[in-house]
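Asks: Okay, handing you the structure first.
The values are calculated or read from the model by the stated rules, or taken from the named source; none is laboratory data. From a predicted model like this one, the values you see are computed outputs, not experimental measurements. Cβ: placed from backbone, ideal geometry, glycine included. Neighbour counts: every protein chain shown.
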Amino acid sequence: MTLTRRNLLLSLPAAAAAQSPLDRQSIVSRHNPTFHAPDPHAPLSIGNGEFAFTADFTGLQTFPGLYERTIPLCTQSQWGWHSFPLPTGLDPAQLRLEMFETYGRQVGYPTSAKGQEPLFNWLRENPHRLNLARIGLILADGRPPAPSDVSAIDQRLDLWTGTLRSRFRLKGSPVEVTTCCHPSVDALAISVESPQPLAIAIEFPYGSPAINASDWSAPTRHRTTVLNETASSLHLEHALDADRYHVRLGFEGAATTDPARHRIVIAPRPKSEKLELTAHFTARPASSGPPSFAQARAASEAHWSHFWTTGGAIDLAHSTDRRAQELERRIVLSQYLTAIQCAGSAPPQETGLTCNSWYGKFHLEMHWWHAAHFPLWNRAPLLERSLGWYASILPSAREKARSQGYTGARWPKMTALDGRDSPSNIGPLLIWQQPHIIAMAELCYRSHPDNSTLARYSELVAESAEFMASYAVERNGRYILGPPVIPAQENHPPRETWNPTFELTYWREALEIAQQWRERAGQPRNRAWESVRTRMSPLPARDGVYLAHENCPQTYKERNRDHPSMLAALGVLNGTGVDRETMRRTLKKVFAEWRWEDTWGWDFPMVAMTAARLHEPELAMDALFIESPKNHWAANGHNYQRDNLQLYLPGNGGLLTAVAMMAAKWNAFPGIGWRVRHEGLKPLL
């Protein structure tokens, strides 16, 4: 349905109401996650973007076994990584590349494991992200409690203060656990109050690329050392092969150390009903001791109050559509989750700092979906924290482009902090991550349009554009992308694929942004970039709809799974070169024929964004609520994908991007049933 005059008039009160201040604390607090029974599919996390701790219903990690098959309970950081020793006889420099014919020359990609499986797999699995520690309650006699010992659960995550409060009865006695994370140092603060003596056990595992990031069966392969001990503090070093990190514990009680078992127990003072502990995790020795529990709690409360009272906000409480309350819940929880999981000094993994997916590595084509929403919600600094990482790997990105015969910088797909691309039969052939840094830098510039922003990102923008221009091949007066290439819809053979619709449009628009950056710096437009930009191939279409790429052998009969990425050309992007009626037909065909159970969490907001730009508000809202296992949202706000991937943060980030776009510019909430009040939101590019 197009936006009629009636729908427009019905939506006008929402725009007028947005001028009055929103009751932000009420909006946030009505969606505080609350539990009265264990839910292994929805553990709660606290964190600060660099560090996160995921807890069970006790507020700690007392019962990890209940969560191992769903969302493991981990303590993770942006900086905590581990690599197994390289097996004897293996040399990463000797990885054989698969050669692809590329317009008269051979280009190698790390896409084949055949005959080199041990090295191929080692490079994929290393480095892997660490579980820094497991921290849980134990009984006075040193034994762990059993889940059946716990009753009367009342747990609530106070989003306004970032405080997790867990009340329950353990063997009949009341227990209250308060847990929070310091916002500026990677410190966990814990308070336990109970008339029965309870202790806290801190345990350290060996590293693992598995989803739980832990190997508890190899105590002799790692080392825990007490470097310093006082009556109220411990300084520990945990070493795993060539990797190590430090933990400083501060407490009011007594410590028992067992380095051989990688276990520390903190017990309360005799006759005390309260135990406080802070644990500060660092890659290198900290210059001072950990903050106190009171200091960490006060800092957390101030930080989260500031977070929620600044930035964007949206209020759907006065909407009558049955989906409004659930959408508002997803919006609020997605803001919280992306702030603690996706706002660190490096791009996030798809499961953030909760547990491992793809060995804990991050996927750069997903970075936009994780974090592009931050500037739209007036929180650009949370995106900018991770953009500096690109500068740190710029030399290797340049070398990657040079080794393949291109200029500029070619960004990896699946990587860790070192920027080394992981071998894969798909990842190295993707290209749609290449323009992301240009688009994200532009979002930052629009939030802070000054010379300092230009200076910070101009080199990254220029090097990305240089690669993009050199990657495109000119034939018969037009520029072509691939082969070989794998588009965002990954189920297309690289040797038979060229000119994917989304990537063609992204090349045009990102090169135009790069030219504008040159002009802002007082430089002329780059002639080579302009030649590519203005002569990109037309978008491929057949039977009145857009195709995934120019050489598609059919439309959607056999390829109607994975990402319907052709829609992103008008939605994620402005749609340069897109015929809107062709895209409208494409949108409706996708709605009718796509296999939604075979998609991913960010596909639903992507479809909504396309509908929004086509002034189809009902379709936009329907897209956000498509019935699919991949569009299920748990009680903790996480976006379920499958049994071994029960959280997927690109879905959360995508939702926030789509909602900001729908509210801030396109008036894409349906006129009937929706009363939308918002403030502080900015439009997408």
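Asks: For Gln349, are the conditions met, namely being surrounded by fewer than 24 Cβ atoms within 10 Å (Cβ to Cβ) and either modelled with pLDDT under 95 or at negative phi (or both)?
Replies: no
Asks: Right, something else. Select from the range 105-155 the residues that are in a loop (DSSP other than H, G, I, E, B), without any contact (Cβ under 8 Å) to a residue 24 or more places away in the chain and not basic (Lys, Arg) and write down the one among them that is farthest from Tyr206 (Cα to Cα).
Replies: Per the stated criteria, the residue is Gly115.
Asks: Next question, about the same structure. Pick out the one residue from Ala623, Ala634 that is out of contact with any strand residue (DSSP E or B) (no Cβ under 9 Å at 6 or more places or on another chain), touching a residue at least 12 places away in the same chain (Cβ under 8 Å) and small (Gly, Ala, Ser).
Replies: Ala623
Asks: I've got another one for you. If you check Ile190 against the conditions, is it of a type in the set (A, V, I, L, M), closer than 15 Å to Lys274 by Cα and touching a helix residue (DSSP H, G or I) at 6+ places or on another chain (Cβ under 8 Å)?
Replies: Considered against the rule, which asks whether it is of a type in the set (A, V, I, L, M), closer than 15 Å to Lys274 by Cα and touching a helix residue (DSSP H, G or I) at 6+ places or on another chain (Cβ under 8 Å), Ile190 comes out as yes.
Asks: Follow-up question, since we're still on this one. When you scan the range 665-681, how many residues do you find that are touching a Gly at 6+ places or on another chain (Cβ under 8 Å) and either modelled with pLDDT under 95 or buried (at least 24 other Cβ atoms within 10 Å of the Cβ) (or both)?
Replies: Result for the range 665-681: 0.
Asks: Of all residues in the range 382-426, how many are of a type in the set (Lys, Arg) and not in a helix (DSSP H, G or I)?
Replies: 3
Asks: So, Thr70, is that one over 26 Å from the mean Cα position of the chain (by Cα), part of a loop (DSSP other than H, G, I, E, B) and crowded, with 16+ Cβ neighbours inside 10 Å or not?
Replies: Working: over 26 Å from the mean Cα position of the chain (by Cα): no; part of a loop (DSSP other than H, G, I, E, B): yes; crowded, with 16+ Cβ neighbours inside 10 Å: yes.
In short, no.
Asks: Failed condition for Asn560, given (1) polar (S, T, N, Q); (2) crowded, with 22+ Cβ neighbours inside 10 Å; (3) more than 24 Å from Ile513 (Cα to Cα), with all others met?
Replies: (2)
Asks: Any residue that is under 19 Å from Trp79 (Cα atoms), surrounded by 19 or more Cβ atoms within 10 Å (Cβ to Cβ) and either touching a strand residue (DSSP E or B) at 6+ places or on another chain (Cβ under 9 Å) or not basic (Lys, Arg) (or both) - is there at least one of those in the range 257-279?
Replies: For the range 257-279, residues under 19 Å from Trp79 (Cα atoms), surrounded by 19 or more Cβ atoms within 10 Å (Cβ to Cβ) and either touching a strand residue (DSSP E or B) at 6+ places or on another chain (Cβ under 9 Å) or not basic (Lys, Arg) (or both): present.
Asks: When you look at Val578, is it in contact with a Lys or Arg (Cβ under 6 Å, 6 or more places away or on another chain), β-branched (Val, Ile, Thr) and buried (at least 17 other Cβ atoms within 10 Å of the Cβ), yes or no?
Replies: No; evaluated as a whole, the condition is false for this residue.
Asks: Out of Ser217, Ser191, I need the residue that is outside any loop (DSSP other than H, G, I, E, B) and among the hydroxyl-bearing types (Ser, Thr, Tyr). Which one?
Replies: Just a single option satisfies the conditions, and that option is Ser191.
To keep it simple, each residue is scored yes or no on (1) over 12 Å from Cys181 (Cα atoms); (2) acidic (Asp, Glu); (3) buried (at least 17 other Cβ atoms within 10 Å of the Cβ); (4) modelled with pLDDT of 95 or more.
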| position | (1), (2), (3), (4) |
| --- | --- |
| Phe293 | no, no, yes, yes |
| Ala296 | no, no, yes, yes |
| Ala299 | no, no, yes, yes |
| Trp304 | no, no, yes, yes |
| Thr309 | yes, no, no, yes |
| Ile314 | yes, no, yes, yes |
| Glu328 | yes, yes, yes, yes |
| Ile331 | yes, no, yes, yes |
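Asks: With the condition kept exactly as written, say whether any residue in the range 580-599 is within 17 Å of Val332 (Cα to Cα) and under 21 Å from the mean Cα position of the chain (by Cα).
Replies: Kept after step one, since they are within 17 Å of Val332 (Cα to Cα), are these residues of the range 580-599: none.
Looking for residues that are within 17 Å of Val332 (Cα to Cα) and under 21 Å from the mean Cα position of the chain (by Cα), one finds none in the range 580-599, hence no.
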